[in-house]
1. Which entries in the list Lys112/Lys156; Lys156/Lys183; Lys112/Lys189; Lys148/Lys197 go over 20 Å, if you measure between the two C-alpha atoms of each?
2. Starting from the amide H of Gly175, placed 1.01 Å from N in the peptide plane, find each other amide H under 5 Å away whose residue is 5 or more places distant or on another chain.
3. Given H placed on each backbone N at 1.01 Å, which residues far from Leu161 in sequence or on other chains put an amide H within less than 5 Å of it?
4. Hey, how much of the P(r) for the stretch 58-209 falls beyond 22 Å, as a percent of Cα pairs?
5. Tell me, what does the Kirkwood hydrodynamic radius of the stretch 12-117 come to in angstroms if you use every pair of distinct C-alpha atoms?
6. What are the ³J(HN,Hα) values, in whole Hz, obtained from phi via the Karplus relation 6.51 cos²θ - 1.76 cosθ + 1.60 with θ = phi - 60°, for each residue of the stretch 13-20 in sequence order, with x given for Gly and Pro?
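Every number in this text was worked out from the coordinates using simple rules, so none of it is lab data. Computed from a predicted structure; not experimentally measured.
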Amino acid sequence: MNTETPPKKHSIKTYFLTGILVSAPLGITIYLALELIRFIDRSVTAAIPEKYNPETYLPYGIPGFGILFLFVLLILIGMAASGFIGNALIDLMNKIISKMPLVSSVYGALRKIIETIMGGGQAQAFRQAVLVQYPREGLWTIAFITGKVYSGIQKKVKDELISIYVPTTPNPTSGFLIFVPQKDIIPLKIGVDDAWKIIISTGIITPDSPEKQRAIMDEAIESAKKDLTKKDS
């Protein structure tokens, strides 16, 4: 006599949860991309004079026209700034801004940050992902090297320091600037992009092979199915 229990059929809840796990990341990504495109379109096209705006003569808007216009405008600005006259105008503007209290500090800081991020500085921001013990010894987190430490700070400490940025999860736009002894950080053999993926996904996404990634996702789905089965029984 066969005493084996027949496998339980999947419930509607199981299928629904599986559908969310599969489609939610893609749907959210598409939504955020479309919202960014719409925001740039609204901001840029509103600044274009009506006689130069093709949407004035068309019965419908052109999706992505603002991004295209901004892209071309930035290229033209870059071309103009690379010439002799452009350099002279930029130097003049910098001299004028440097005479303005408060404005000069904000402008100078923002310019240095953007130059560093875009690779214009001597060292690129977030050029290497490292492992560091934070917020206490025995707990490890991913951080990014941001540069050398100000000499006035370094003189106060015996060990050679390095400045790192510890981002928060899942919103990496906020975080902590920490000066850590060089000997206390462990370089990671992964790219900066992969490190960001780990942080933003709260550790769900790892820079493993696609096969291992699928195995992790399948395990998560199976775990969710088991939980739903227990609730249904």
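1. Lys112/Lys156; Lys112/Lys189; Lys148/Lys197
2. Counting only residues 5 or more places away or on other chains, the set is Thr168.
3. For Leu161, the qualifying residues are Gln182.
4. Roughly 59 percent, once rounded to a whole number.
5. On the way: mean 1/r = 0.0552 Å⁻¹.
About 18.1 Å for the stretch 12-117.
6. Calculated HN-Hα couplings, in order: 4, 5, 5, 5, 5, 4, x, 5 Hz.
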